[in-house]
Amino acid sequence: MSDTNQIPLLVLDLPKTGHKVSISSYLTTGQSRELQVLMFGEGGFDTATERFTGLTGQSFLAYQDKAAEFLIKEVKNSEGVVIPYTKEWHHNLPAEDGNLIYSKVTEIATSSLGLPVERKKK
């Protein structure tokens with residue numbers, strides 16, 4: 001079993017609350033596969049467009065929540081006190097802070113799935 005302290009962490013400074021969120025810079029293979037099960041449970045993947053197909057918005061939100069659960073390693077409030085990460089804590093943040101976390105989590109999770117983070121328009 002590997003020591004999770006060896007995983008490089010990224011620290012997000014949340015602009016509204018002043019909290020600092022430490023996020024793993026990658027998913028493990030097992031975590032990545034669990035997210036794939038969520039994504040493929042309702043749809044498929046079109047290799048030509050490099051996009052998931054047939055997904056509901058609810059599936060994507062579940063994917064983001066699970067990815068956040070996997071990737072967020074520590075939360076410190078504005079006074080530097082460690083507080084537990086929970087989905088409820090995250091969902092009660094100001095939208096600007098919560099969206100910043102979800103944006104980074106989605107970027108890391110998508111990258112870990114071996115899929116493009118963003119498809120460039122031609």
Log entry, pairs with first residue in segment 13-32 being touching a residue at least 60 places away in the same chain (Cβ under 8 Å), second being in a loop (DSSP other than H, G, I, E, B) and of a type outside the set (Val, Ile, Thr), beta carbons closer than 6 Å, six or more apart or on different chains, reads LYS16/PRO94; GLY18/SER78; HIS19/ASN77; SER25/PRO8; SER32/LEU113
Residues of segment 42-81 satisfying the condition of being β-branched (Val, Ile, Thr) and either more than 24 Å from ILE101 (Cβ to Cβ) or in contact (Cβ under 8 Å) with a residue 24 or more places away in the chain (or both): THR47, THR49, THR53, ILE72, VAL75
Provide a single number: the residues in segment 93-122 that are part of a loop (DSSP other than H, G, I, E, B), modelled with pLDDT of 95 or more and surrounded by fewer than 17 Cβ atoms within 10 Å (Cβ to Cβ). 1
Please find, among LEU35, LEU27, LEU61, the residue that is modelled with pLDDT of 85 or more, in a loop (DSSP other than H, G, I, E, B), over 19 Å from PRO84 (Cα atoms) and of a type in the set (A, V, I, L, M). LEU27
Mind listing whichever residues of segment 65-92 are of a type in the set (Gly, Ala, Ser) and not in a loop (DSSP other than H, G, I, E, B)? ALA67, ALA68
Farther than 26 Å from LYS73 by Cα, modelled with pLDDT under 75 and not acidic (Asp, Glu): is that true of THR56 in this structure? no
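The values are calculated or read from the model by the stated rules, or taken from the named source; none is laboratory data. Worth saying up front: this structure is predicted, and the values here are computed from it rather than measured. With ideal geometry, Cβ positions are generated from the backbone for all residues, glycine too; neighbour counts draw on all protein chains shown.
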